[in-house]
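Asker: One structure, pasted below without further comment.
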Amino acid sequence: MNINTVIDHLNKEYGYDLSASFYEYITEWQYWWKGYYKPFHHYQERGYDGKLIDRKLYTLKMAKKICEDWASILLNEKTEIVISDKNSSEFVLGKKDDENDGGVLGENDFSVHGNELIEKAFYSGTGAFVLRLDNMKVVGERIMKDTDTRIRIEYLSALNIIPMTIKHNRVIDVAFVSEVLQKGEKFIYIETHNLESDSYIIRNKYFKEEESTLKEMPLPEGILEEFNTGSSIPLFAIIRPNIVNNIDESNGLGISVYANAIDNLEGVDLAYNNFNRDFKLGGKKVFLNEELTQTDSNGITLTPDDVAQQLFVGVGDNLIDENGKNNMIHEFNPALRVVENKDGIQGQLDYLSFKCGLGTKHYQFNAGNVVTATQYMGDKQELIQNASKHYIVVNYALKSLIRSILWIGQDVIGAPVKADTTISIKFDDSYIIDKESERLRDMQELNAGIMQKWEYRMKWYGEDEATAKKMAAAQISDDELMDFKDEEDEE
């Protein structure tokens, strides 16, 4: 799929002036994420005979590892979505007694694909949760309520996202582009979301790419050409690393978490390549005087060890130089420089993890060293600060996604849910924060009257505000009763 061709089509259809230049950066970031960027990892060497030999640089593929780690920190199996309304919670998350994940998120494998999207967003700079409706009932251009409608979530990276209108740094109008394989044929599917008169209009089109142009094709059965949602609530949620994009012509897209660390990615791979090359070239070298070799009837040169009969070889005395030194065989054992190479790789990893917000000691291979808990947490301060910053955008994206799902449940499916119910996201940061120390601190603030009991219950028991206040009130009543009994006993 040629993104330039798609953008040219959108510019002609809507009269826009969108630029495709930023997608060249995204393509480069994607190559680094895949682990092979040809302009850097491919090189040539001149052999002994003068001919050029193609070589490939050894690579640690750290770009993908960095994005995997950020995805594991920001959205994992312990991330809790709390929806105060019971019916709404069951609609989105399923019933608590279900063994398998239920609800809309469970049906769409959100626990797996949501984490994958964070990884893709951090390599490409932007990701999108896109809601699509199957078995939707439409009269004219308006959606009608139907309990048979099903919600499908698509998880798209920046190469599939073309913002068309940006207001206050938020994507308002957008095109989502996908390459679809249908019965062996490739099609380009363009889905546009345009906010018109406080209502989103969604348009779908299929194309075949021919000679750098798009030829429109009939839509598959079940996909509407156009419909009006009747609401200003978007059926998509954009997520980006919480980093300011410092590249011109970004079109409202975010920036890769390692966009400003390409030199450091190169440094890691150069150090790792040197390590491997030292091992590859570090085998024993034995230089043999030609006088010790023989040639068989087929013209093949034989060394003394090639045949058992050559245990004894007569060479005369011409292999002794004027100083009496033996010139028959010279053995050379190259230095592997293991310690120097390991230190070089570790240094480059420290720079890389620092530039990507993980702190200078996130990747350590000196596991034999023992550190105290205080030192361990001190080393992670930068990671904690940056994770807290990224939690803000993940929190906003998840709430937007769930709000859109609940609106569909209420106004499209007709389920007994509340689109305006309270939604809260509880992230698991035990990987980077000592939870026991944090809980002890909260208990101290609770005893000092700084934190309320219901706030404590919301944070540590995952209760919504109403339940937490109710339970805290009941707990206070019990405490007062115990105090009254204690006073009676004293009398």
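Asker: Please go through the range 13-36 and pick out each residue that is in contact with a Ser or Thr (Cβ under 9 Å, 6 or more places away or on another chain) and farther than 28 Å from THR213 by Cβ.
Answerer: Residues satisfying the conditions are TRP32, TRP33, GLY35, TYR36.
Asker: Then there's this: Scan the range 80-93 and give yes if some residue there is within 26 Å of the chain's Cα centre (by Cα), in the same structural domain as GLY252 (by TED's automatic domain parsing) and of a type in the set (Phe, Trp, Tyr), otherwise no.
Answerer: no
Asker: List pairs: first residue in the range 433-445 and closer than 18 Å to GLU382 by Cβ and among the acidic types (Asp, Glu), second residue at pLDDT below 65 and in a helix (DSSP H, G or I) anywhere in the structure, Cβ distance under 9 angstrom, at least six positions apart or on different chains.
Answerer: Note: pairs meeting the criteria are ASP434/ALA373; ASP434/TYR376; ASP434/MET377.
Asker: Could you check how many residues of the range 32-43 are in a loop (DSSP other than H, G, I, E, B) and surrounded by fewer than 16 Cβ atoms within 10 Å (Cβ to Cβ)?
Answerer: To start, the set of residues in the range 32-43 that are in a loop (DSSP other than H, G, I, E, B) comprises 35-37.
Now restrict to residues that are surrounded by fewer than 16 Cβ atoms within 10 Å (Cβ to Cβ): 35-36.
Total meeting the criteria: 2.
Asker: Would you tally the residues in the range 335-392 being of a type in the set (A, V, I, L, M, F, W, C) and modelled with pLDDT of 90 or more?
Answerer: Quick first cut of the range 335-392, residues of a type in the set (A, V, I, L, M, F, W, C) only: 335-336, 338-339, 345, 349, 352, 354, 356, 358, 365, 367, 370-371, 373, 377, 383-384, 387, 392.
Restricting the remaining residues to those that are modelled with pLDDT of 90 or more gives 345, 349, 352, 354, 356, 358, 387, 392.
So the count comes out to 8.
Asker: I'm checking my understanding of the structure. Among residues of the range 87-146 that are buried (at least 17 other Cβ atoms within 10 Å of the Cβ) and of a type in the set (Lys, Arg), which one is modelled with the highest pLDDT?
Answerer: In this case the residue turns out to be LYS120.
Asker: Mind listing whichever residues of the range 140-169 are of a type outside the set (S, T, N, Q) and in a loop (DSSP other than H, G, I, E, B)? Steps first, please.
Answerer: Step one: of the range 140-169, the residues of a type outside the set (S, T, N, Q) are 140-146, 148, 150-156, 158-159, 161-164, 166-168.
Passing the criteria: GLY140, GLU141, LYS145, ASP146, ASP148, HIS168.
Asker: Residue by residue through the range 202-250, note down the ones that are touching a residue at least 12 places away in the same chain (Cβ under 8 Å) and under 21 Å from the mean Cα position of the chain (by Cα).
Answerer: PHE236, ALA237, ILE238, ILE239, ARG240, PRO241, ASN242, ILE243, ASN245, ASN246, ILE247, SER250
Asker: Condition check: in contact with a helix residue (DSSP H, G or I) (Cβ under 7 Å, 6 or more places away or on another chain), farther than 24 Å from LEU131 by Cβ, surrounded by 16 or more Cβ atoms within 10 Å (Cβ to Cβ) and of a type in the set (Gly, Ala, Ser). Does ALA63 satisfy that?
Answerer: On the way: in contact with a helix residue (DSSP H, G or I) (Cβ under 7 Å, 6 or more places away or on another chain): yes; farther than 24 Å from LEU131 by Cβ: yes; surrounded by 16 or more Cβ atoms within 10 Å (Cβ to Cβ): yes; of a type in the set (Gly, Ala, Ser): yes.
Criteria met by ALA63.
Asker: Continuing with the same structure: Would you point out the residue of the range 156-179, among those that are farther than 23 Å from LYS208 by Cα and modelled with pLDDT of 90 or more, that is surrounded by the most Cβ atoms within 10 Å (Cβ to Cβ)? Full working, then the answer.
Answerer: Within the range 156-179, the subset farther than 23 Å from LYS208 by Cα is 165-173.
The next check asks that each one be modelled with pLDDT of 90 or more; those that pass are 165-167, 170-173.
Working: THR165: 15, ILE166: 15, LYS167: 10, ARG170: 12, VAL171: 23, ILE172: 17, ASP173: 20.
Out of the qualifying residues, it is VAL171.
Asker: I'm trying to understand the selection: among the residues of the range 214-242, which are part of a strand (DSSP E or B) and under 17 Å from ILE162 (Cβ atoms)? Lay out the reasoning, then the answer.
Answerer: Filtering the range 214-242 down to residues part of a strand (DSSP E or B) leaves 214-217, 226-228, 236-239.
Result: LEU214, PHE236, ALA237, ILE238, ILE239.
The values are calculated or read from the model by the stated rules, or taken from the named source; none is laboratory data. It should be emphasised that the depicted structure is a prediction, and the values quoted were computed from it without experimental measurement. All Cβ positions, even for glycine, are placed from backbone atoms using ideal geometry, and neighbour counts span all protein chains on display.
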